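Trainee: Starting off with a structure, shown below.
The values are calculated or read from the model by the stated rules, or taken from the named source; none is laboratory data. These numbers come from a predicted model, not from an experiment. Backbone-built Cβ (ideal geometry, glycine too); neighbour counts: all protein chains shown. Accessible surface areas use protein heavy atoms only, side chains included; no ligands, DNA or RNA. Shrake-Rupley method; radii C 1.70, N 1.55, O 1.52, S 1.80 Å.
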Amino acid sequence: MTTLHTQPNHQHILLINDLPGYGKVALAAMLPILSHMGFHVYNLPTALISNTLNYGKFSILDTTSYMKDTLAVWKQLDFSFHAICTGFIASEVQASIVFDLCAAESKKGTKIFVDPIMGDEGHLYNGMTNQTIQYMQKLISVADYIIPNMTEALLLAKNSCHTKSLSKKESITLINTLRTMGAKSIVITSAKVEDIDCVIGYDNTTNTYFNISYTPIPMRFSGTGDIFSSIFTAHILRNKSVADSANIAMDLVKEMIVLSQKSKNAYKGLPLELYLSLL
């Protein structure tokens, strides 16, 4: 068995997400952040994508065969991980591969983080279907932490994803529904409760709910969700609480957006290398 160090900056993280040829999103955003924060990072691309989808034209290469072969090699090499973070999954076959891996690793004590990438602003992303929702529902059943946005949380819970704002009672019900599906700790981004923008969630360790309000910035960049997930994961692995980790991630993403407001190309994402010192 490969011996892993136990200090936070020696923890091994496996990232399962797509890899863009251009744009600071998905693996291209997560790798520099977590590497800079001192973690040993492995990556397993679920797809190679020419550029961020916002451009309207793109090419996607499915990497299912590569995933199978890579995991087989890693098993022979006896690689193991302190945490696994999942993002974009391209097919039901991939979802099955990722589920089996996460279920097996979870039994060894590996922390499982799931960002169920499916949609935003009340609708599914292009190429996502009801089948996508179903395999994400299965995957969150083995997750220690899930990080959906509001649209994804509602889709997972089989609710209408067109709700503009939730009451406080509805927000708790949504969180509890996801808990009954197997998710332990929950962070829902881009939420709106009582017409207030917020991040809401539940910390399984302390059995507490939280609601962190924020003021939206009228500027959107691709990849901010991936940045949030990376920073959140890092601070959980540094033994911060779920609410504190979410708060730190919110503040840092906000600061990066403010510093990038003069950018003329939001599609390519935030210029992360300029801001790594903030981490």
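Trainee: If you filter segment 3-74 for trypsin sites (Lys or Arg not before Pro), then keep DSSP loop positions with at most 15 other Cβ within 10 Å, what is left?
Mentor: For trypsin sites (Lys or Arg not before Pro) across segment 3-74 that sit outside H, G, I, E and B with at most 15 neighbouring Cβ atoms in 10 Å, the list reads K57.
Trainee: Let's see if you can work this out: charge +1 on each Lys and Arg Cβ, -1 on each Asp and Glu Cβ, no other charges. What is the dipole magnitude of segment 223-279 about its Cα centre, in debye to the nearest 20?
Mentor: With Lys and Arg at +1 and Asp and Glu at -1, about 140 debye.
Trainee: Considering only the other residues whose Cβ falls under 10 Å of the Cβ of D203, what net charge follows from Lys and Arg at +1 and Asp and Glu at -1?
Mentor: Computed value for this residue: 0.
Trainee: Would you tally the net charge around I33, using a Cβ to Cβ cut-off of less than 12 Å, leaving I33 out, and scoring K and R as +1, D and E as -1?
Mentor: -1
Trainee: Multiply the residue separation of K75 and K164 by 0.36 nm, subtract the distance between their alpha-carbon atoms, and state the gained length in nm to one decimal.
Mentor: Length difference between fully extended and current span is 27.5 nm.
Trainee: Put +1 on the Cβ of each Lys and Arg and -1 on the Cβ of each Asp and Glu in segment 158-259; which of V253, S171, S241 then has its Cα farthest toward the positive end of the dipole?
Mentor: Working it through, the farthest residue towards the positive pole turns out to be S171.
Trainee: At S91 and H123, where each label point lies 7 Å from the Cα along Cα→Cβ, what is the point-to-point distance in nanometres?
Mentor: Distance between the two pseudo-spin positions: 2.7 nm.
Trainee: Can you give me the % of accessible surface on segment 57-101 that is carbon or sulfur? Probe 1.4 Å, all protein chains present, nothing else counted.
Mentor: 59 percent
Trainee: Something else about it: With n ≥ 4 as the cut-off for DSSP H runs, can you work out [θ] at 222 nm for the chain, using -39500 (n - 2.57) per run divided by the number of residues, rounded to the nearest 500?
Mentor: Helix contribution divided over all residues of the chain: -11500 deg cm²/dmol.
Trainee: How do 37-47, 267-277 rank on mean C-beta neighbours within 10 Å, highest first?
Mentor: In decreasing order of mean packing, 37-47, 267-277 become 37-47, 267-277.
Trainee: Mind putting a number on the dipole of the chain about its Cα centre? Charges go on the C-beta only, +1 for Lys and Arg and -1 for Asp and Glu, and I need it in Debye to the nearest 20.
Mentor: Approximately 100 debye in magnitude.
Trainee: Report D for segment 14-148 in µm² per second (integer): Stokes-Einstein, Kirkwood Rh on Cα pairs, 25 °C, 0.890 mPa s.
Mentor: Reported coefficient: 160 µm²/s.
Trainee: In segment 12-278, what % of DSSP beta bridges are antiparallel (nearest 5)?
Mentor: Rounded to the nearest five, the antiparallel share is 45 percent.
Trainee: Quick one: if you stick a label point 7 Å off each Cα along the C-beta vector at K192 and V258, how many nm between them?
Mentor: Those two pseudo-labels are separated by 2.4 nm.
Trainee: Can you report the principal axis dimensions of segment 129-274 using only the alpha carbons, biggest first, rounded to whole angstrom?
Mentor: Computed over the Cα atoms, the extents are 43, 35, 30 Å.
Trainee: Using a 10 Å cut-off on Cβ atoms, rank the peptides 124-130, 181-187 from the highest mean neighbour count down.
Mentor: So the order, starting with the most tightly packed, is 181-187, 124-130.
Trainee: Moving on to the next point. Could you tell me the accessible area of E194 in Å² (1.4 Å probe, neighbours in place), rounded to the nearest ten?
Mentor: Its accessible surface works out to 90 Å², give or take rounding.
Trainee: Okay, moving on. Per-residue accessible area for S50 at 1.4 Å probe radius, Å² rounded to 10?
Mentor: Ignoring ligands and nucleic acids, S50 comes out at about 50 Å².
Trainee: Also, I was wondering about something else. Of K57/K268; K24/K57; K164/K262; K111/K138, which sit over 21 Å apart, Cα to Cα?
Mentor: The pairs that break the limit, which is 21 Å between Cα atoms, are K164/K262.
Trainee: Place +1 on the Cβ of every Lys and Arg and -1 on the Cβ of every Asp and Glu in segment 74-177, take the dipole about the Cα centre, and give the residue among A143, L101, W74 whose Cα lies farthest towards its positive end.
Mentor: A143
Trainee: What fraction of the DSSP beta bridges in segment 46-174 is antiparallel, stated in percent and rounded to the nearest 5?
Mentor: Taking every DSSP beta bridge with both residues in segment 46-174, the antiparallel ones total about 45 percent.
Trainee: Could you compute the net charge surrounding N149? Neighbours are other residues with a C-beta less than 15 Å from the C-beta of N149; K and R count +1, D and E count -1.
Mentor: Local charge sum for N149: -3.
Trainee: Rounded to two decimals, what ratio of Rg to Rh does the chain give with C-alpha atoms and a Kirkwood Rh?
Mentor: 0.93
Trainee: In addition: With r defined as the distance between the Cβ atoms of S59 and T208 and R0 fixed at 35 Å, what FRET efficiency is calculated, to the nearest 0.05?
Mentor: So, using R0 = 35 Å, E works out to roughly 0.20.
Trainee: What whole-number value in Å² describes the accessible area per residue of segment 12-278 for a 1.4 Å probe?
Mentor: Result: 45 Å² of accessible area for each residue.
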